[in-house]
Structures are given as structure tokens and as C-alpha cells.
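Presented below is the structure to which this report refers.
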Amino acid sequence: MRKNTLRSRIMSLGLVVAAAVVTPLSATAQTHREPLAMPTVNEDSVMKHIIELASETYRGRLAGTEGYDDAADYVSQTLRRLGANCEMQRFQIECNEIENCKFNIYTPGTKERRTFILGNDFCCAGMTGRGYVDAQMVFVGYGMDLEEYNEYKGVDVQGKVVVVLTGLPEHAWLPAASTQHYITLRDKARTAERHGAIGMLAINTSPSCLPTEPQGRAYCGELPHLSTFPILQLTLECGRELMQYERTTLDEALRDINTEHTPRSYTLLNKVEIDVNAIYRSRAVTANVLGLLPGSDKRLKNEIIVVGASLDHVGMQGETCLFPGADINASGVAAVLETARLLSLPNYRPRRSVLFVLFSGSEQQFLGSRIFLRNYPKMRRIEAFVNAQNIGCGDSIVVLGDNRYPSLWDIAKTRDSNHFSLIHTSNEKTNPRGDARGFDQIGIPSLVFTTLNGMHHNRVTTDIWENIDRRILIATTQVMVETVRELADGYYQGRSQRSKALKFVE
């Protein structure tokens, strides 16, 4: 009766979401072997995968490209060698391969010309259009044309290139319902094109990277694609140089806009020359990699623990702009592969089956995990999901999910306390996010392993394996391995029957 009572406990979040509950396995199951002996993570093994996946061989692992396919083959072969039954879950994705880009500014009537370097001063927006542009530049702030705040009023952008700021103004002094239509680069580009502009330079004001670092993004906003509208993303320092000798400097414009709440749009003296060569495919093919390690227990092997990480990144532009993605997210993939290696050892083979999933399309609104949830045929057998995301830098371990699944979180916390005491605790409870969000929405208890203060190299060219903090990487991987082992082999009860009736809905 106790077992049935525990299984019936649930939490509610719009949909009914199951709370993870911990209870002993049956006496019969416990007699098979001694209490859990925990495997030890091998640093060289983990780093080997990061070094491999962050190399130029895979050209930044952009979903839909040959580089990503080669990375998928690498992880698939690794899982096969460990005894997992592998398959590719293929699907279509929007893909834009940027072969080259030139970007110069010059003063009309003079020989003064400044050539900027791809990968150093700027990069292309992930979904830039192709083409050649030689035109005057017009600064239009955040690129909004609201009735109450119109940055296109009083300037002529017809046949010109607009210079915009990424994101939205500080302190939310405009209604969110209005500004939400200007958040992404495609939003801003569509607005600019509607006013007659033929290209866009976006100055990156994001605090998540240094002012001197180009920041890549595969996702630029919703379709349609602007096939002949070039979009470049400049570093903050590049933007400052662009406007250094103009009527208003970049820092002056930013200050005035965000304090006086008044547009500061004007035509620049210099002209710009842009030449982008890109190959766009609206339906490129990519794939999630699935590797199933069958459980050792005759009854429990029909139940599945899913362990996942995002494999794709933001790619490579030309031959000078590589986004290696060592922390984001070769580190998470390496932790998944190390978990597979240790659980494949005879002494550690779990009773439940473990499904390892490396997702594609995470850089495009976590498309791969949504595809998995819509199409995996054994959803009712999944008892929990454990996700690894960006665990290669930071000062402490963060395990997201304690708000919804405190019992799962307590397992991780106990494992951490046995070794490191690095898990960050806070009065503010957290929910699963990223690839885990969809699992959570249909009642699959989920945890996300990540780190605190770890986004030092957020989709930038310096996200290289040499910048990985091995201490936090190995500690997080160790706690994750032991948590997965206990879920697959220990005292975890599993999902409620009510949660298993839920279906994934976009």
C-alpha cells in the first residue's frame, strides 16, 4: 500500500507534473549485489572528447552541416564501442553556411578605408542574407518604429545600411507587448527592410561576452528568411570604432537613448561595403543521436533513464571565424559519454536501461529535444531525464529542478556532499530548462547539471578546450554519473501512472 501511495503523489503545473519520489526497491531486487559501488570519472577520458569535438575538424558543429554530421558519427561510434544500441533520429532544420564575408568602411572622396576582420571584429548573423552592398550608413538606435517611439522618424534609410543596437533598451521603459516585435535580428531586419534599407550592422551590446569578442548565434528569429539582406553582428569595440568620429559616438548615443528615452538617429558620414557569400537551406537534414544501454534486471530493464546533452553549436564562418563550443556544449556531451563508459563496465551495469541522447537543434530553440519528445515510441517507459549543459567553467555546481523534483535533487546533493560540497544552494527554487523543459512539461522528472558564473565564453571564438576548468568539469561529471547510477540502479521509485498519460504538446 505504501508503494501505491507514494506513486500517487503529484505536483501541478498547468499540466499535471509528477514529483520524483524515492523509495527502496523490492527485497528481491536488492539481493542481486552489494549496495551501490560508485565509479570514478577519468579526467583524461572526459577531456579527450572535449578536445576532439571543439577542434576545427567539426567546424563548430552547426546543425545541418557536414561538420555536425561528423560530430554525430563520432559520438555514435563512441556509444557503439561501449555496447549501446545506436540510431539516428533525423529531422529537418534551417541552416545557413557562411562561406565568406568582407566588411569595410570608407569616407567618400578620400582614400581612407578601414577593413574589419571576420572572427576578430565581427561575425555574420546566423541567418544573414547573401549579397554585395555599398551604401551610406544610418544609425537608428534599437531599430524600433513604434508609434510612441519611432527611431526611423526623421531619417531616410532608403537604399542604405542601418546600424542598430542588439536587444532592447534598458530598464523596460517601453511596453513589453510593443517591444517584443524588435527582439531578434530578423525582427530588426524586417523593420529596416520595410523602410527601404538594404542591409544591417548590429552592434552587440550583450553583457554575456567581452566587448572585443564576436558572438555567434544560429537562431536569429522566426521566418521568413531575408535571402538578399546582409546582416552583420559587430563587437561593441567595433561599433565604437565605426562611430568614433561621427556626430554622436556610440557611448553617447547609448547614454542618451537609455536616460532621455529619445531617439538619436542620424546619417553617418562614412559609407560601408559588405560582401556576404552564404548558402542557405530551409530544410537541411540533421539528427539526434540515440544510444540505448540495456538494463541488467529482467523486470526493470523495460524502464528507461534518459541522459542527454546538446551536441550542436553555432558553426564556423569563412576560414577565420571558428566557434569551437568547448564549454557550450562539448563539456556536456563529454559528461554523457563518460557516464556511458562507466555504466557499461560489468561491475556498474545498471538494472534499468539508460538511453543516451545527444540533441541537435538546441541552438534553434531546442528543436532536437522537441523532435525527440514528439517521436520517441517508448515515452511511457521513461522514468527520469538528466541533462548536462555548459559544465566546463564556473565556481560551483548548479542542479536545476529542485522546485519540481526535490527528491531527485536530493540524490544529487547527497552525492555531491560525499565528495565535493560544490552544489550551489539558494532560497530560490529552480525548474528544469533548455532541453529539459519539454520533459518537465509532460511530467518526466528532470534535472539539469550546469554551473554558476560559468558563461565566460558564451558562443564566442575563445570557447576553446584550454579554457575549460577541469576541477569544476570533473566534479560536476562525477556527481552526475553517481546520480544517474542511483536513478538507474538504486532507490528511485519512478514516475506516477498519471504523468505517463500526458502527451507532448508544442
- Query: Asp463 is checked against (1) surrounded by fewer than 18 Cβ atoms within 10 Å (Cβ to Cβ); (2) part of a loop (DSSP other than H, G, I, E, B) and fails just one. What number does that condition carry?
  - Reply: (1)
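Filter the stretch 110-138 for residues that are outside any strand (DSSP E or B) and charged (D, E, K, R); which is nearest to the chain's Cα centre (by Cα)?
First, the residues of the stretch 110-138 that are outside any strand (DSSP E or B): 110-112, 117, 119-121, 125-130.
Subsequent filtering for residues that are charged (D, E, K, R) retains 111-112, 121, 130.
On the way: Lys111: 43, Glu112: 41, Asp121: 23, Arg130: 25 Å.
Among residues in the stretch 110-138 that are outside any strand (DSSP E or B) and charged (D, E, K, R), the one nearest to the chain's Cα centre (by Cα) is Asp121.
Do we have any residue at all in the stretch 325-346 that's without any contact (Cβ under 8 Å) to a residue 40 or more places away in the chain and under 28 Å from Leu36 (Cβ atoms)? Before the answer, list the steps.
Taking the stretch 325-346 first, the residues without any contact (Cβ under 8 Å) to a residue 40 or more places away in the chain are 346.
Right, trim to under 28 Å from Leu36 (Cβ atoms) and you get 346.
Yes: one or more hits.
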- Here are some residues: Gly216, Gly196. Which one is in the same structural domain as Val155 (by TED's automatic domain parsing), in contact with a strand residue (DSSP E or B) (Cβ under 9 Å, 6 or more places away or on another chain) and not aromatic (Phe, Trp, Tyr)? Gly216
- Note on the structure: Considering residues that are assigned to a loop (DSSP other than H, G, I, E, B) and in contact with a helix residue (DSSP H, G or I) (Cβ under 7 Å, 6 or more places away or on another chain), the number found within the stretch 43-64 is 1
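Being of a type in the set (Lys, Arg), under 25 Å from the mean Cα position of the chain (by Cα), crowded, with 22+ Cβ neighbours inside 10 Å and not in a helix (DSSP H, G or I) narrows it down to one of Arg495, Arg404, Arg433, so name that one. Can you show your working first?
Working: Arg495 fails: under 25 Å from the mean Cα position of the chain (by Cα); Arg433 fails: crowded, with 22+ Cβ neighbours inside 10 Å.
Within the list Arg495, Arg404, Arg433, the selection yields Arg404.
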- Item | Subset of the stretch 301-350 (residues that are acidic (Asp, Glu) and assigned to a helix (DSSP H, G or I)) | Asp327, Glu338
- Matching entry among Thr451, Thr461, Thr477 (being hydroxyl-bearing (Ser, Thr, Tyr), assigned by TED's automatic domain parsing to the domain that holds Val336, within 19 Å of Ala335 (Cβ to Cβ) and touching a Cys at 6+ places or on another chain (Cβ under 7 Å)): Thr451
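Among the candidates Arg247, Arg255, Arg217, single out the residue that is modelled with pLDDT under 95 and buried (at least 16 other Cβ atoms within 10 Å of the Cβ). Spell out how you get there, then give the answer.
Working: Arg247 fails: buried (at least 16 other Cβ atoms within 10 Å of the Cβ); Arg255 fails: buried (at least 16 other Cβ atoms within 10 Å of the Cβ).
The match here is Arg217.
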- Answer yes or no as to whether Ser344 is over 20 Å from the mean Cα position of the chain (by Cα) and over 30 Å from Thr228 (Cα atoms). yes
- Sole residue being of a type in the set (Asp, Glu) and either touching a Ser or Thr at 6+ places or on another chain (Cβ under 9 Å) or at pLDDT 95 or above (or both), chosen from Glu338, Glu319: Glu338
- Query: Out of (1) touching a His at 6+ places or on another chain (Cβ under 8 Å); (2) surrounded by 21 or more Cβ atoms within 10 Å (Cβ to Cβ); (3) over 26 Å from Met455 (Cα atoms); (4) not basic (Lys, Arg), what's the single condition that is false for Gly295?
  - Reply: (1)
- Checking Ile371 against (1) touching a residue at least 24 places away in the same chain (Cβ under 8 Å); (2) part of a helix (DSSP H, G or I); (3) within 17 Å of Val481 (Cβ to Cβ); (4) in contact with a strand residue (DSSP E or B) (Cβ under 6 Å, 6 or more places away or on another chain), which single condition isn't satisfied? (3)
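Within the stretch 187-208, can you find the residues that are surrounded by 21 or more Cβ atoms within 10 Å (Cβ to Cβ) and either in contact with a Lys or Arg (Cβ under 6 Å, 6 or more places away or on another chain) or not basic (Lys, Arg) (or both)?
Looking only at the stretch 187-208, we keep the residues that are surrounded by 21 or more Cβ atoms within 10 Å (Cβ to Cβ), and these are 188-189, 191-192, 197-204.
Selection gives Ala189, Thr191, Ala192, Ala197, Ile198, Gly199, Met200, Leu201, Ala202, Ile203, Asn204.
Looking at the structure I just gave you, is Arg498 basic (Lys, Arg), more than 24 Å from Leu367 (Cα to Cα) and modelled with pLDDT of 95 or more? Break it down into steps so the answer makes sense when it comes.
On the way: basic (Lys, Arg): yes; more than 24 Å from Leu367 (Cα to Cα): yes; modelled with pLDDT of 95 or more: no.
No; evaluated as a whole, the condition is false for this residue.
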- Message: Looking only at the stretch 158-186, how many residues end up being under 24 Å from Arg217 (Cβ atoms) and surrounded by 13 or more Cβ atoms within 10 Å (Cβ to Cβ)?
- Response: 18
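Is it fair to say Pro377 is in a loop (DSSP other than H, G, I, E, B) and either within 30 Å of Ile93 (Cα to Cα) or outside the structural domain of Ala436 (by TED's automatic domain parsing) (or both)?
Details: in a loop (DSSP other than H, G, I, E, B): yes; either within 30 Å of Ile93 (Cα to Cα) or outside the structural domain of Ala436 (by TED's automatic domain parsing) (or both): yes.
The answer is yes for Pro377.
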- Task: Can you confirm whether the stretch 448-458 contains a residue that is more than 21 Å from the chain's Cα centre (by Cα), at pLDDT below 95 and in a loop (DSSP other than H, G, I, E, B)?
- Result: no
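Do we have any residue at all in the stretch 414-434 that's aliphatic (A, V, I, L, M) and either over 19 Å from Ser499 (Cα atoms) or outside the structural domain of Val306 (by TED's automatic domain parsing) (or both)?
In the first step, residues of the stretch 414-434 are kept if they are aliphatic (A, V, I, L, M); the result is 422-423.
Now restrict to residues that are either over 19 Å from Ser499 (Cα atoms) or outside the structural domain of Val306 (by TED's automatic domain parsing) (or both): 422-423.
Within the stretch 414-434, one or more residues are aliphatic (A, V, I, L, M) and either over 19 Å from Ser499 (Cα atoms) or outside the structural domain of Val306 (by TED's automatic domain parsing) (or both).
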- Can you tell me which residue among Leu242, Leu226 is touching a residue at least 40 places away in the same chain (Cβ under 8 Å) and in contact with a Gly (Cβ under 8 Å, 6 or more places away or on another chain)? Leu226
- Report yes if some residue within the stretch 95-109 is in contact with a Gly (Cβ under 8 Å, 6 or more places away or on another chain) and part of a loop (DSSP other than H, G, I, E, B); otherwise report no. no
- What pairs can you find where one residue is in the stretch 246-262 and outside the structural domain of Tyr142 (by TED's automatic domain parsing), the other is assigned to a loop (DSSP other than H, G, I, E, B), and their Cβ atoms are less than 6 Å apart, with a gap of 6+ or different chains? none
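Select from the stretch 48-93 the residues that are under 12 Å from Met316 (Cβ atoms) and either crowded, with 22+ Cβ neighbours inside 10 Å or not polar (S, T, N, Q) (or both) and list them in ascending order.
Kept after step one, since they are under 12 Å from Met316 (Cβ atoms), are these residues of the stretch 48-93: 54-62, 65-68.
Passing the criteria: Ala54, Glu56, Tyr58, Arg59, Gly60, Arg61, Leu62, Thr65, Glu66, Gly67, Tyr68.
The values are calculated or read from the model by the stated rules, or taken from the named source; none is laboratory data. Keep in mind the model is a prediction, meaning the values are calculated, not measured. Cβ atoms come from the backbone with ideal geometry, glycine included; neighbour counts cover every protein chain shown.
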